[in-house]
Amino acid sequence: MKLFIPPFFRDHGVLGINARNLLYIKPHNDRSTVAFADNKLKTKAFLSARGIPTAKTFAHIESRRQLSTFDFSTLPAECVLKPNNGFGGEGIIILRGRKNGRFLVQGRTPISDEELTEHIEDILDGKFAINNQTDTAFFEQILTPHKCFVPLRPAGLPDIRIIVFNLVPVMAMLRIPTAESQGKANVHLGGVGIGIDMGSGTTTFGTQYNHSVTELAHGASVRGLELPYWDQMLEIAAKIQHVTGIGYLAVDLTIDADKGPVLLEVNARAGLMVQIANMAPLKARLKRVQGLKVQKPEKGVALAKELFGESAHRTKVAARPILGPSELVTIAGSDFTLTEPAAIEPQQEDSAFAPELLAELVSRSAAEAIEGAEKLFRVKMTLADQKIVSHVRSRPIKGDYRISIGRHDLQGFLIDPMKKGSVRAEQKSILKKDLRGADRILAGIDRDLPLLKYVKPANLRDELVKIRRDASYEPLFQQRTIDIDLQEAERMLQEIETDLSPLGVLLEAKKRELLCRIELLRARGDAERFTKASIQLYGEATPDLVRDATQYLESRQACLLPSAEEKDLSAEQTVEFFEEVLKKYGLHEWNVSIKPSMITDCAVGGRKIFIKEGATFSPVHVQSLIAHEIETHVLTAENGATQPYAIFTRGTAGYLDTQEGLAVWNQSKVLPPHHEKMYAHAKNILGISFAASHSFAETRKYLQAELGMRPEKAISKAIDYKRGLANASDHGGFTKSLVYFRGWQKIREFVLRGGEIRDLYLGKMAVEDLGVIQSMPELKKPLLLPLSLRETSKQQKKVPQKRTKKV
């Protein structure tokens, strides 16, 4: 087999370390500029004063004496500890939150003040410094990754490294933190480096551990991600070289969710992994710009895009939007959309808004004042279908306009003063209702009414002791106190107005469902009223459902007695399995923990997975839980979070049938044909039907004697069906568990009709709403899919090849 060698490795334009040092660093970076770049605090202060956006520094420690009196409690709950002269990501500790007075490293592992003190002492001693000399430790603001990085599932803050020479940005790569790199973006630690086309800011090739990669661990391609603010980032990098005089320079930037591009650090000795990430030789590019007379950073950026951008980008530039003397600008707030005519004025450097308009936008949280800048505000707006984040000035605008768009925000547009159909200045601004406000209100009420929390008996632990001791005992359940004002929640729901748009239809149905949930919570303790409200919300065990469940069990010859199964995995071992799977899917924000007093062995909620304390599991049970909880509930929740509307994270009305039906469908793919969990969803139908006309003790006996459940399982299921009642001997109860079998039926029917399972992964949704949802062009395709669906998708994309017989 012939070894494939990428063409650029055979090209003498590849830059090696010795050549970098002798040809570029030594002649172009004198000792003073290198020392300046190594001092992070000094470079930040210098560049921040010259308009370069940087992260806020909370505190710095220069000596042991200062350290001995430093109060860690004065720091914010989230910050980053860094060595001032560090390199390669060494010595950095990311602190996210506190627990019992201790900081949490990466939001998980507690670290004491004593341990932080020891680490800072190491920093002061120069353990992580480039020159091993004494150093300074500092605490810096944690930046929030921009939503553009979501498809990459980073395990920390991604950054963009741009190499600049002779004021020309010559090469760049996006660095993605991974679990292997412990949340740091450094490629040599296990992060992923992705090349970037200099013309368009679009990702190209990828590398990890010096090997080429085409996709990330969770299945996303490394190609095709278009970075926002690309021109602005190139300008920042070129400007930094211009003001610092560092001849050969790497600038590390990130994109913050609120601030946009932010400088992380400058590097006068940047590594050479950028060549592998781009599959292009760096030396050839450096030679191409050496000796050019580049006077301004803007000229260097234009040269970079022209010399090193793909030809596809040049075609794209030729088709830039054309603006006339006036255009409509759209500004979206929390519950409104404002469309306003604006004067297009390239002769002005900055954009400007009239003071009264800015006051209105600030009051609606659609604009914010920039700290330390007089009469400068940050506004997100849309111009000719292009999204812009602008720093606008507050000043009167000529004529009848209230908005002026200046040269800084007109990059990427062409201006035609004679363009017809331009917006007239006297045209009134249009302020219209935005359903996103209703979407957020519904999501908030949904979050404040966790139904399972409030129907779980407050005295469950005490009652369980009595239940286990006496098989004929009828428990008396106490109801938990509800923390939210149900009357106020109901009033807010009734005031929400929707429309007949696809989103409006989904929100109206969700509104009605939440009103039913409020009625169910009010009815707790009253058997008749509670059962009626439960049936309204979740349905009842109809004769048809009972018949279908009975036939399902009979057709599979379900044994009434459970089969023997070795449960040799502890809760702690199961946690480790789950953590490994979460890592595989890039779900770094999710935590797995052991929790006592759970009814079920496993539960999911709030980016946390809980395993019941003391529970034991068989390997196949763990696999089914992974399919059920992670590859269904977790993935759909994460995909929903990428959508523009919160309803896809919280769930559309009736989504539980689809969610739990899909979970049962997925777990059935990994379970043996006669595993007891293959029958649990059908047994729920028969159990709820029986509980509707029998007491707790009678239901418990039926589940064990007639349906073959283990004693402990029969107890937990009887509690499932009777929770929400005060006296469990009453007939009726909680019918939520119907959704498993009924939902499985819906998924089976969907597949039989030719439906694609992957279509159900765009968020938490009801299969009945798929047609409405698919009519919403603003929704995104599912980002995360189970491995089995990813493999199927790849197989479908393969083009059949003509095969030749082997001789």
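The values are calculated or read from the model by the stated rules, or taken from the named source; none is laboratory data. Predicted model, so just to flag it, every value in this text is computed and none were measured. Glycine also receives a Cβ, built like all others from the backbone with ideal geometry; neighbour counts cover every protein chain displayed. Quick note on the areas: whole protein, heavy atoms, side chains included, nothing else; ligands and nucleic acids left out. Shrake-Rupley method; radii C 1.70, N 1.55, O 1.52, S 1.80 Å.
If I filter the stretch 379-407 down to residues being of a type in the set (Lys, Arg) and in a strand (DSSP E or B), which single residue comes out as modelled with the lowest pLDDT?
Keep residues of the stretch 379-407 that are of a type in the set (Lys, Arg), which gives 380, 387, 393, 395, 398, 402, 407.
Next cut, in a strand (DSSP E or B) only: 380, 387, 393.
Values: LYS380: 89, LYS387: 84, ARG393: 92.
Looking at the filtered set, the residue picked out is LYS387.
Could you run through the stretch 444-459 and say how many residues are of a type in the set (A, V, I, L, M, F, W, C), surrounded by fewer than 19 Cβ atoms within 10 Å (Cβ to Cβ) and in a helix (DSSP H, G or I)?
Within the stretch 444-459, the first condition is being of a type in the set (A, V, I, L, M, F, W, C), and the residues that meet it are 445, 449, 451-452, 455, 458.
Next, from what is left, pick out any that are surrounded by fewer than 19 Cβ atoms within 10 Å (Cβ to Cβ): 451-452, 458.
Then keep just the ones that are in a helix (DSSP H, G or I); that gives 451-452.
The qualifying residues number 2.
Please go through the stretch 149-180 and give me each residue that is part of a helix (DSSP H, G or I) and either open to solvent by 20 Å² or more (accessible area, probe 1.4 Å) or in contact with a strand residue (DSSP E or B) (Cβ under 6 Å, 6 or more places away or on another chain) (or both), ordered by number. Break it down into steps so the answer makes sense when it comes.
Just the residues of the stretch 149-180 that are part of a helix (DSSP H, G or I), to begin with: 149-152.
Result: VAL150, PRO151, LEU152.
Considering every residue within the stretch 659-673, establish whether at least one is under 30 Å from LYS780 (Cα atoms), among the β-branched types (Val, Ile, Thr) and more than 25 Å from the chain's Cα centre (by Cα).
As a first pass, look at the stretch 659-673 and keep what is under 30 Å from LYS780 (Cα atoms): 659-670.
So of that shortlist, the ones also among the β-branched types (Val, Ile, Thr) come out as 664, 670.
Now narrow it down to the ones that are more than 25 Å from the chain's Cα centre (by Cα): 664, 670.
Yes; the residues of the stretch 659-673 include at least one that is under 30 Å from LYS780 (Cα atoms), among the β-branched types (Val, Ile, Thr) and more than 25 Å from the chain's Cα centre (by Cα).
Pairs under 9 Å by beta carbon, first residue closer than 19 Å to VAL389 by Cβ and free of Cβ contacts under 8 Å to residues at least 12 places away in the same chain in the stretch 353-376, partner of a type in the set (Asp, Glu) and in a loop (DSSP other than H, G, I, E, B), six or more apart or different chains?
GLU368/ASP258
How many residues, within the stretch 195-212, are open to solvent by less than 20 Å² (accessible area, probe 1.4 Å), over 28 Å from VAL294 (Cα atoms) and of a type outside the set (Ser, Thr, Tyr)?
1
What number of residues within the stretch 659-680 are more than 12 Å from ARG556 (Cβ to Cβ), open to solvent by 40 Å² or more (accessible area, probe 1.4 Å) and in a helix (DSSP H, G or I)?
2
Restricting the first residue to the stretch 177-200 and requiring it to be free of Cβ contacts under 8 Å to residues at least 24 places away in the same chain, which pairs with a second residue that is buried (at least 24 other Cβ atoms within 10 Å of the Cβ) and not in a loop (DSSP other than H, G, I, E, B) meet a Cβ separation below 7 Å and a spacing of at least six or different chains?
Sorted first by the residue in the stretch 177-200, then by its partner, the pairs are GLY191/ARG175; GLY191/ILE176.
Considering every residue within the stretch 102-114, establish whether at least one is farther than 29 Å from ILE609 by Cα and without any contact (Cβ under 8 Å) to a residue 12 or more places away in the chain.
There is at least one residue in the stretch 102-114 that is farther than 29 Å from ILE609 by Cα and without any contact (Cβ under 8 Å) to a residue 12 or more places away in the chain.
Can you pull out every residue in the stretch 50-87 that is of a type in the set (Ser, Thr, Tyr) and out of contact with any strand residue (DSSP E or B) (no Cβ under 6 Å at 6 or more places or on another chain)? It would help to see each step written out before you state the result.
Looking only at the stretch 50-87, we keep the residues that are of a type in the set (Ser, Thr, Tyr), and these are 54, 57, 63, 68-69, 73-74.
Hits for the stretch 50-87 are SER63, SER68, THR69, SER73, THR74.
Being part of a helix (DSSP H, G or I) and either in contact with an Asp or Glu (Cβ under 6 Å, 6 or more places away or on another chain) or basic (Lys, Arg) (or both) is the filter here, so list the residues in the stretch 606-655 that pass it.
Step one: filter the stretch 606-655 for residues part of a helix (DSSP H, G or I), giving 619-641, 647-650, 655.
Answer for the stretch 606-655, where residues must be part of a helix (DSSP H, G or I) and either in contact with an Asp or Glu (Cβ under 6 Å, 6 or more places away or on another chain) or basic (Lys, Arg) (or both): ILE647, ARG650.
Go through the stretch 681-705 and give me each residue that's of a type in the set (S, T, N, Q) and part of a helix (DSSP H, G or I).
First, the residues of the stretch 681-705 that are of a type in the set (S, T, N, Q): 684, 689, 693, 695, 699, 704.
Residues satisfying the conditions are ASN684, SER689, THR699, GLN704.
Let me spell it out: the conditions are (1) more than 39 Å from the chain's Cα centre (by Cα); (2) open to solvent by 90 Å² or more (accessible area, probe 1.4 Å); (3) at pLDDT 85 or above, and ILE467 meets all of them except one. Which number is the exception?
(2)
When you go through (1) under 30 Å from TYR454 (Cα atoms); (2) at pLDDT 95 or above; (3) open to solvent by 50 Å² or more (accessible area, probe 1.4 Å) one by one for GLY743, which number turns out not to apply?
GLY743 satisfies every listed condition except (3).
What pairs come out if I take residues in the stretch 312-339 that are farther than 30 Å from THR498 by Cα and at pLDDT 80 or above and pair them with residues that are open to solvent by less than 20 Å² (accessible area, probe 1.4 Å) and not hydrophobic (A, V, I, L, M, F, W, C) whose C-beta lies under 9 Å away, six or more apart or interchain?
Qualifying pairs under 9 Å: PRO325/GLU345; SER326/PRO341.
In the set ALA238, ALA217, ALA270, which member is in contact with a Gly (Cβ under 7 Å, 6 or more places away or on another chain) and either part of a loop (DSSP other than H, G, I, E, B) or surrounded by fewer than 23 Cβ atoms within 10 Å (Cβ to Cβ) (or both)? Even if it seems obvious, please write down each step before you answer.
On the way: ALA238 fails: either part of a loop (DSSP other than H, G, I, E, B) or surrounded by fewer than 23 Cβ atoms within 10 Å (Cβ to Cβ) (or both); ALA270 fails: in contact with a Gly (Cβ under 7 Å, 6 or more places away or on another chain).
Result: ALA217 is the single residue among ALA238, ALA217, ALA270 that is in contact with a Gly (Cβ under 7 Å, 6 or more places away or on another chain) and either part of a loop (DSSP other than H, G, I, E, B) or surrounded by fewer than 23 Cβ atoms within 10 Å (Cβ to Cβ) (or both).
Between a first residue in the stretch 710-736 that is at pLDDT 95 or above and a second residue that is part of a loop (DSSP other than H, G, I, E, B) and acidic (Asp, Glu), which pairs have beta carbons less than 8 Å apart while being 6 or more apart in sequence or on different chains?
Close Cβ pairs (under 8 Å, with a partner that is part of a loop (DSSP other than H, G, I, E, B) and acidic (Asp, Glu)) amount to ALA726/ASP526; ASN727/GLU474; ALA728/GLU474; SER729/GLU474; THR735/GLU540.
Listed here are the residues, each with its yes/no results for (1) among the basic types (Lys, Arg); (2) closer than 23 Å to SER597 by Cβ.
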{"residue": "ALA682", "(1), (2)": "no, no"}
{"residue": "GLY687", "(1), (2)": "no, yes"}
{"residue": "HIS694", "(1), (2)": "no, no"}
{"residue": "ARG700", "(1), (2)": "yes, yes"}
{"residue": "LYS722", "(1), (2)": "yes, yes"}
{"residue": "ALA726", "(1), (2)": "no, yes"}
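For the stretch 43-91, which positions are touching a Ser or Thr at 6+ places or on another chain (Cβ under 8 Å), open to solvent by less than 30 Å² (accessible area, probe 1.4 Å), in a helix (DSSP H, G or I) and not β-branched (Val, Ile, Thr)?
Result: LYS44, LEU47, LEU67.
Would you confirm whether any residue within the stretch 247-269 is over 27 Å from GLY156 (Cα atoms) and at pLDDT 90 or above?
Residues of the stretch 247-269 over 27 Å from GLY156 (Cα atoms): 247-248.
Now narrow it down to the ones that are at pLDDT 90 or above: 247-248.
Within the stretch 247-269, one or more residues are over 27 Å from GLY156 (Cα atoms) and at pLDDT 90 or above.
All but one of (1) among the basic types (Lys, Arg); (2) part of a strand (DSSP E or B); (3) surrounded by 18 or more Cβ atoms within 10 Å (Cβ to Cβ) hold for ARG96; state the number of the condition that does not hold.
(3)
Which members of the stretch 348-378 meet the condition of being surrounded by 13 or more Cβ atoms within 10 Å (Cβ to Cβ), assigned to a helix (DSSP H, G or I) and not aliphatic (A, V, I, L, M)?
PRO355, GLU360
Criterion first (over 21 Å from SER534 (Cβ atoms) and in a loop (DSSP other than H, G, I, E, B)) does GLY708 satisfy it? Write out each step before concluding.
Numbers: over 21 Å from SER534 (Cβ atoms): yes; in a loop (DSSP other than H, G, I, E, B): yes.
When the stated conditions are applied, GLY708 passes them.
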